[in-house]
Amino acid sequence: MAEPKVKYDRQLRIWGEQGQAALEKSSICLLNCGPTGSETLKNLVLGGIGSITVVDGSKVEVGDLGNNFLVDESSLGQSKAKCVCSFLQELNDAVKAKFVEEYPETLIETNPSFFSQFTLVVATQLVENSMIKLDRICREANVMLIFARSYGLTGFVRISLKEHTVIESKPEHFLDDLRLNNPWPELKRLAESVDLNVQDPVAHKHIPYVVILVKMMDEWAKSHGGRLPSTREEKKEFKEFLKAKMFAQDEDNYKEAIESSFKVFAPRGISSELQQILNDISAEVDSNSSDFWVLVAALKDFIANEGSGEAPLEGSIPDMTSSTEQYVNLQNIYQAKAEADFLVIERLVRSTLKKIGRDSNSIPRSTIKSFCKNSRKLKVCRYRLIEDEFNSPNLPELQKYLTDEDYSIAVGIYILLRAVDRFAANYNSFPGQFDSAMDEDIPRLKSTATGLLNDLGCNGATLAEDLINEMCRFGAAELHAVAALVGGIASQEVIKLITRQFVPMSGTYIFNGIDHKSQLLPL
């Protein structure tokens with residue numbers, strides 16, 4: 001068996017050893033192992049999830065051979081959960097796998113405590129009534145839950161849990177934490193020690209752009225009443241101010257300074273999003289608060305006092321044109337400031353823990369360090385109960401989507417995926433499931449969808465006839481290509497939730513295979 005670091009080398013580069021360790025400690029339950037569920041779990045097993053439990057009460061039928069790669073002809077008539085579990089185990093023998101030959105709906109009704117043993121439940125192909133009941137069960141047990149469903153050429157994925165906090169959100173684009181517009185004393189002193197008018201051309205073209213901008217910003221502020229450039233004209237003037245300091249056209253450091261001048265124009269202090277987290281009622285901590293909110297409480301204290309309105313410094317600097325000596329000096333100053341901020345935050349965290357009656361060392365140093373490094377990028381995600389969304393969605397948003405050309409098909413799919421469940425409850429089959437009833441099913445589904453829209457407060461709203469016809473034509477089939485995509489999205493969200501890295505999606509993800517589009521509906 002390959003060593004874990006070799007086996008998982010590529011993904012370790014994305015979420016690191018800490019993220020991989022979280023995956024390996026987790027326990028996942030899959031409800032229904034048709035193509036959507038099997039594809040979801042396949043991705044997680046290959047990624048090194050700790051253990052899996054497959055729950056499905058059905059037997060493998062001939063129809064399963066055409067859309068589920070985790071069963072074959074030898075599986076016919078056998079327990080689907082057992083066969084899928086066996087195939088998944090072959091993909092990664094480090095994963096502990098077991099199966100329960102039971103229909104998920106029966107477990108939900110008769111044994112709700114069954115779900116409390118898992119880190120996360122992936123519920124696939126459940127109808128609305130079972131979704132609502134399972135959501136309540138998982139919320140009460142504090143178990144993360146993801147719903148996934150593929151239906152013909154359409155599908156959806158929906159996360160449900162009370163709250164999910166993220167320290168390592170890893171945004172693709174985020175402003176470097178250089179504090180060019182608010183330098184601390186050591187950075188100021190370094191900048192003051194550098195002469196921008198040095199006559200040696202080699203030395204002049206190797207002054208780091210950070211130093212150039214700190215000095216030029218200070219010079220600008222002195223002649224503008226302490227203000228930074230704010231208007232378009234002033235920003236343009238500041239860039240010309242920088243250009244005037246160039247000795248030659250090949251000075252890349254000055255070009256970098258001009259290109260990075262927007263970093264000087266950025267507002268000082270923290271973002272409105274971070275301020276919203278600091279103002280959250282959960283930041284008023286007690287003995288039951290999570291580690292995240294204890295860290296936030298300490299951060300709030302730091303920003304209000306020692307940080308003078310700023311979050312702790314990250315401590316890293318980007319690559320730039322510079323002499324080695326000046327780059328290392330600059331790097332050391334940033335790292336020293338970051339370490340000093342970390343020590344203050346650590347002290348505040350220990351003090352906060354003691355104040356609320358918890359062990360002052362219960363939050364590891366490494367967690368506090370990671371929190372400091374990522375404190376400007378914190379995320380808090382909260383999800384509505386699926387029952388609340390179904391009974392009282394955000395009506396203005398729903399009405400807007402129904403009339404919006406870009407979203408009308410996505411919200412139409414969302415409504416119809418609910419309508420087909422109502423249809424099945426009324427007629428004991430899904431629309432179009434039997435060819436002989438197709439002509440009757442189309443007006444029935446249209447009437448069911450209209451009734452659902454009226455119940456939601458969208459009186460008079462209609463759905464596209466073509467879309468209703470398509471949903472009937474699908475006959476509740478799970479197509480492997482769609483299941484693979486929906487399962488891929490679901491497994492991606494599972495990894496985000498378990499590793500607590502990257503930001504999980506909010507709202508309901510709708511896949512529209514008819515037009516090859518994916519959209520999120522926050523309802």
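For the chain, the carbon plus sulfur part of the accessible surface works out to 49%, probe radius 1.4 Å. Modelled label positions at I356 and A437, each set 7 Å beyond Cα in the direction of Cβ, lie 5.4 nm from each other.
Work out, step by step, the length gained on full extension between E17 and N329: first 0.36 nm times the residue separation, then minus their alpha carbon distance; give nm to one decimal.
On the way: separation 312, 0.36 × 312 = 112.32 nm, distance 3.03 nm.
Length gained between E17 and N329: 109.3 nm.
A Cα-only calculation for region 194-291 places Rg and Dmax at 19.4, 63 Å.
Length available on full extension from L91 to R268: 0.36 nm per residue minus the Cα-Cα distance, which gives 58.6 nm.
Calculated mean residue ellipticity, 222 nm, the chain: -15500 deg cm²/dmol, from DSSP H runs (n ≥ 4) at -39500 (n - 2.57) each, averaged per residue and rounded to 500.
Evaluate the charge dipole of the chain about its Cα centre and quote only its size in Debye, nearest 20, assuming +1 on the Cβ of each Lys and Arg and -1 on the Cβ of each Asp and Glu. Kindly include the intermediate steps, with their values, before the conclusion.
Numbers: 58 positive and 73 negative charges, 309 e Å.
The calculation lands at about 1480 debye.
Rounded to two decimals, what is the ratio between the C-alpha radius of gyration of region 74-164 and 2.2 N^0.38 Å? It would help to have the intermediate numbers written out before the result.
On the way: Rg = 14.5 Å, N = 91, 2.2 N^0.38 = 12.2 Å.
It is 1.19.
How big is the Rg/Rh ratio for region 27-72, C-alpha atoms only, Rh by Kirkwood, two decimals? Expressed as Rg/Rh, it is 0.98.
Ligands, DNA and RNA excluded, the heavy atoms of V45 present near 0 Å² of accessible surface to a 1.4 Å solvent probe. How tilted is helix 209-223 with respect to the longest principal axis of the chain? Cα atoms for both, answer in degrees (0 to 90, nearest 10). Helix 209-223 sits roughly 70 degrees off the main axis of the chain. Between L395 and L46, the modelled label-to-label distance comes to 4.6 nm, taking each label 7 Å out from Cα in the direction of the beta carbon. A viscosity of 0.692 mPa s and a temperature of 37 °C, combined with the Kirkwood radius over C-alpha pairs in the Stokes-Einstein formula, give region 391-523 a diffusion coefficient of 206 µm²/s. Each residue of region 407-417 was assigned a 3J(HN,Hα) from its phi angle through the Karplus curve 6.51 cos²θ - 1.76 cosθ + 1.60 (θ = phi - 60°); the sequence is 10, 4, 6, 4, 6, x, 5, 4, 5, 5, 5 Hz, with glycine and proline shown as x. Rounded to the nearest whole Hz, the Karplus-based 3J(HN,Hα) values (6.51 cos²θ - 1.76 cosθ + 1.60, θ = phi - 60°) of region 303-317 follow the sequence 4, 6, 10, 4, x, 6, x, 10, 6, x, 5, 5, x, 10, 10, with x at glycine and proline.
Note on E163 and S113: with the Förster distance fixed at 25 Å, the Cβ-Cβ geometry gives a FRET efficiency of about 0.65. Measuring nothing but how far apart in sequence close Cα pairs (under 8 Å, 6+ apart) lie, relative to its length, the chain scores a relative contact order of 20 percent. The spacing between region 402-457 and region 151-225, judged by their C-alpha centroids, is 52 Å. About the centre of its Cα atoms, region 59-98 shows a dipole size close to 280 debye [charges on the beta carbon of Lys, Arg (+1) and Asp, Glu (-1) only; nearest 20 debye].
Each of S282, Q399, V84 was scored by the projection of its Cα onto the charge dipole of the chain, and the greatest displacement toward the positive side belongs to S282; charges sit on the C-beta of Lys, Arg, Asp and Glu. Annotation: Y103 carries an accessible surface of approximately 120 Å², with a 1.4 Å probe and no ligand, DNA or RNA atoms counted.
Over region 184-343, average the accessible area per residue using a 1.4 Å probe and give it in Å², no decimals.
Values: 8320 Å² over 160 residues.
On a per-residue basis, 52 Å².
A straight Cα-to-Cα reach below 17 Å connects K243 with the aspartates and glutamates D195, D218, E219, E233, E234, E251, D252, E256, E259, residues fewer than 8 places away in its own chain not being considered. Shown here for region 41-99: GluC sites (Glu not before Pro) in loop regions (DSSP other than H, G, I, E, B) with at most 12 other Cβ atoms within 10 Å, namely E61. Taken over the alpha carbons of region 139-238 as equal point scatterers, the Debye sum produces base-10 log I(q)/I(0) values at 0.23 Å⁻¹ of -1.26. Ignoring lysines fewer than eight residues from K42 along the same chain, the ones with Cα atoms less than 17 angstrom from its Cα are K7, K80, K82, K96, K98, K496. Over region 185-248, all Cα pairs binned in 10 Å intervals from 0 give whole-percent P(r) values of 20, 51, 27, 3, listed from short to long.
A simple charge model with +1 on the Cβ of Lys and Arg, -1 on the Cβ of Asp and Glu and nothing else charged puts the dipole of region 261-346 at about 360 debye relative to its Cα centre. Only one residue of A22, V55, S75 has its Cα farthest out toward the positive end of the dipole of region 15-75, where Lys and Arg carry +1 and Asp and Glu -1 on Cβ, and that residue is A22.
Taking Cα atoms of the chain, Rg/Rh with Kirkwood Rh, to two decimals? The partial results should precede the final answer.
Details: Rg = 28.3 Å, Rh = 26.6 Å.
Reported Rg/Rh, Kirkwood definition of Rh: 1.06.
The three principal axes of the Cα atoms in region 124-195 give end-to-end lengths of 71, 34, 13 Å, sorted in falling order. Considering every alpha-carbon pair of region 280-360, the percent of pairs per 5 Å bin, from zero through the bin containing the longest distance, is 3, 15, 21, 18, 14, 10, 8, 6, 4, 2, 0. Checking the Cα-Cα distances for K255/K373; K25/K517; K188/K300; K5/K205; K188/K239; K5/K162 against a 32 Å cut-off, the pairs over it are K25/K517; K5/K205; K5/K162. Per-residue 3J(HN,Hα) values for region 261-266, derived from phi via the Karplus relation 6.51 cos²θ - 1.76 cosθ + 1.60 with θ = phi - 60°, read 4, 4, 5, 6, 6, 4 Hz in sequence order (x marks Gly and Pro).
Against the empirical curve 2.2 N^0.38 Å, the C-alpha radius of gyration of region 311-470 lands at a ratio of 1.88. For region 1-119, the relative contact order comes to 27 percent (Cα pairs under 8 Å, sequence separation of at least 6).
The values are calculated or read from the model by the stated rules, or taken from the named source; none is laboratory data. Everything numeric in this text was worked out from a predicted model, so none of it was measured. Cβ atoms come from the backbone with ideal geometry, glycine included; neighbour counts cover every protein chain shown. Protein only, heavy atoms only, side chains kept; ligands, DNA and RNA dropped before computing areas. Shrake-Rupley method; radii C 1.70, N 1.55, O 1.52, S 1.80 Å.
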